[in-house]
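A short worksheet on the structure shown next.
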Amino acid sequence: MTERNFKLIKGGLSYESGKEQRTFVSAFVTDTRLMGVVGLYIHWNIRSHKAASDFHQFFYFDAEEYGFETYRSIESSDTTEIKHIEQALIGGLGGKKVSLTQREATALIQSYVLMNHQFNTALPEGESEYKFLLETKIEMTSEERFELFKKQCTEVTSEYQAINYFLMRAFGKDFMAAEYLTCGDFPLDICPDIPVATLCKNSIEHFENENGTSYLCESLIEHDTSYALVITEITLSGFKITSFERRSSMQVSAVEAAMMLSRSEYVTVYDIVDDPDNFEVNFSKLTAGALLTLHDSGRLFLSFNKNNDHVGRQVFRLNEDVFGLYFVTDLEQLIIAAYNIKSIHAIEKELEKNSLANSLFLTAKYEFKEPVLYEFVQSGFEDFDDFLDFIKD
């Protein structure tokens, strides 16, 4: 999954939540555990001697390296404000919401806190607000733990999906999730010489042999800023992995990896012709829930797909969870980009329907054989046309 460094403004609490009377209202977890991350939400009703209020907690967990990574909270009944935090923190995970009981939600938090302790990783800020969830240890049976884990996992509905999820978890050394996708007893850590790695791309070919159908996988993985190409053979029964063998592996350079990951990029450029304040009001509605990063020449918004259907493709690319990009330059240009023609047309139509239509003047459309928007963002150029002239020369 694309790395997401969230930057949020936290809604403040006017009280020490541990001293209030809390009533559990609801909770949900995203069914994105097979991607290696999950989001958890808990809603409480808080009663004090002054008044009653709603308290909302959001947790972001990473199962590979960081454990309990991010925490946000808000005391509010404003659904728009609550939705904003939800979208910014867990809206880009691409999963569905699955209801949890208070016991299940508490057990989930405690399991990731334990992971932080094991990895000697500090807990996120705001511990005074969630420490009450850590005070009484939840003991679960093996059946309860399995059911809780199952709730965090989307249903696997194809061979390609099963293989890609399995390889993501295996290369990430997330063997609990990898084992969930298996049937039988065989080694899962077939690359002990390679540290925790991210599956950037995977191509699957199937062939028949005397034992039935096997799947040959060519996986480009990234670890410690290095790349490797790993060839594995996998067999399945239904949508469960029944064997996993490493055939070969080799290190590849960053340039070679970039060539393997290269794909077309569609770019549309607009001039912003409206009052900046008016533009910002309308633009913020369009990009609600998008990931914002700040750069020297402007602001980049990353919009994610609402599902993880790309995992079920024969050729899987990690960054295909991106729907589109919006870059607002300091010179009042809006540059949108997408990696397929369908998505760029959808973004353009959304701009036409949105009240932004009167704020923008279309100046150019491009199809590049490889992505260039990130290059522009990091180039130091302020004007996109000047940047294009430079790379042409």
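The values are calculated or read from the model by the stated rules, or taken from the named source; none is laboratory data. Computed from a prediction, not measured in an experiment: that's the story for all the values here. Ideal geometry is used to build each Cβ from the backbone, glycine not excepted, and the neighbour counts take in all protein chains shown.
Suppose we filter region 55-93 for residues that are assigned to a loop (DSSP other than H, G, I, E, B) and closer than 23 Å to residue 196 by Cα; how many remain? Give the steps one after another, and end with the answer.
Applying the first criterion (assigned to a loop (DSSP other than H, G, I, E, B)) to region 55-93 yields 63-66, 76-78.
Among the residues that remain, those that are also closer than 23 Å to residue 196 by Cα are: 63-66.
Residues in region 55-93 being assigned to a loop (DSSP other than H, G, I, E, B) and closer than 23 Å to residue 196 by Cα: 4 in total.
So residue 356 passes all but one of these: (1) modelled with pLDDT of 90 or more; (2) touching a Phe, Trp or Tyr at 6+ places or on another chain (Cβ under 8 Å). Which condition number does it fail? Result: residue 356 fails condition (1) only.
Can you confirm whether residue 219 is within 20 Å of residue 371 (Cβ to Cβ) and either in contact (Cβ under 8 Å) with a residue 12 or more places away in the chain or not polar (S, T, N, Q) (or both)? It would help to see each step written out before you state the result.
On the way: within 20 Å of residue 371 (Cβ to Cβ): no; either in contact (Cβ under 8 Å) with a residue 12 or more places away in the chain or not polar (S, T, N, Q) (or both): yes.
Judged against the criteria, residue 219 is not a match.
Among all residues of region 259-268, there is none that is under 19 Å from residue 165 (Cα atoms) and at pLDDT 95 or above.
For residue 335, are the conditions met, namely being buried (at least 20 other Cβ atoms within 10 Å of the Cβ), outside any helix (DSSP H, G or I) and either over 22 Å from the mean Cα position of the chain (by Cα) or modelled with pLDDT of 90 or more (or both)? Lay out the reasoning, then the answer.
Details: buried (at least 20 other Cβ atoms within 10 Å of the Cβ): yes; outside any helix (DSSP H, G or I): yes; either over 22 Å from the mean Cα position of the chain (by Cα) or modelled with pLDDT of 90 or more (or both): yes.
Considered against the rule, which asks whether it is buried (at least 20 other Cβ atoms within 10 Å of the Cβ), outside any helix (DSSP H, G or I) and either over 22 Å from the mean Cα position of the chain (by Cα) or modelled with pLDDT of 90 or more (or both), residue 335 comes out as yes.
Listed conditions (1) out of contact with any Asp or Glu (no Cβ under 8 Å at 6 or more places or on another chain); (2) more than 25 Å from residue 72 (Cα to Cα) are all met by residue 174, apart from (1). Of all residues in region 124-138, those that are in contact (Cβ under 8 Å) with a residue 40 or more places away in the chain and closer than 12 Å to residue 70 by Cβ have Cβ atoms under 6 Å from Cβ atoms of residues that are β-branched (Val, Ile, Thr) and not in a helix (DSSP H, G or I), 6 or more apart or on another chain, in 124/70.
Conditions (1) surrounded by fewer than 18 Cβ atoms within 10 Å (Cβ to Cβ); (2) at pLDDT 85 or above, marked per residue:
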site: 8; (1), (2): yes, no
site: 17; (1), (2): no, no
site: 78; (1), (2): yes, yes
site: 103; (1), (2): yes, yes
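Scanning region 342-393 for residues that are charged (D, E, K, R) and either part of a helix (DSSP H, G or I) or out of contact with any strand residue (DSSP E or B) (no Cβ under 9 Å at 6 or more places or on another chain) (or both) gives 342, 348, 349, 350, 352, 353, 375, 385, 386, 389, 392, 393.
Matching residues to (1) free of Cβ contacts under 8 Å to residues at least 60 places away in the same chain; (2) surrounded by 16 or more Cβ atoms within 10 Å (Cβ to Cβ):
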site: 254; (1), (2): yes, no
site: 259; (1), (2): yes, no
site: 265; (1), (2): no, yes
site: 284; (1), (2): yes, no
site: 323; (1), (2): yes, yes
site: 342; (1), (2): yes, no
site: 346; (1), (2): yes, no
site: 352; (1), (2): yes, no
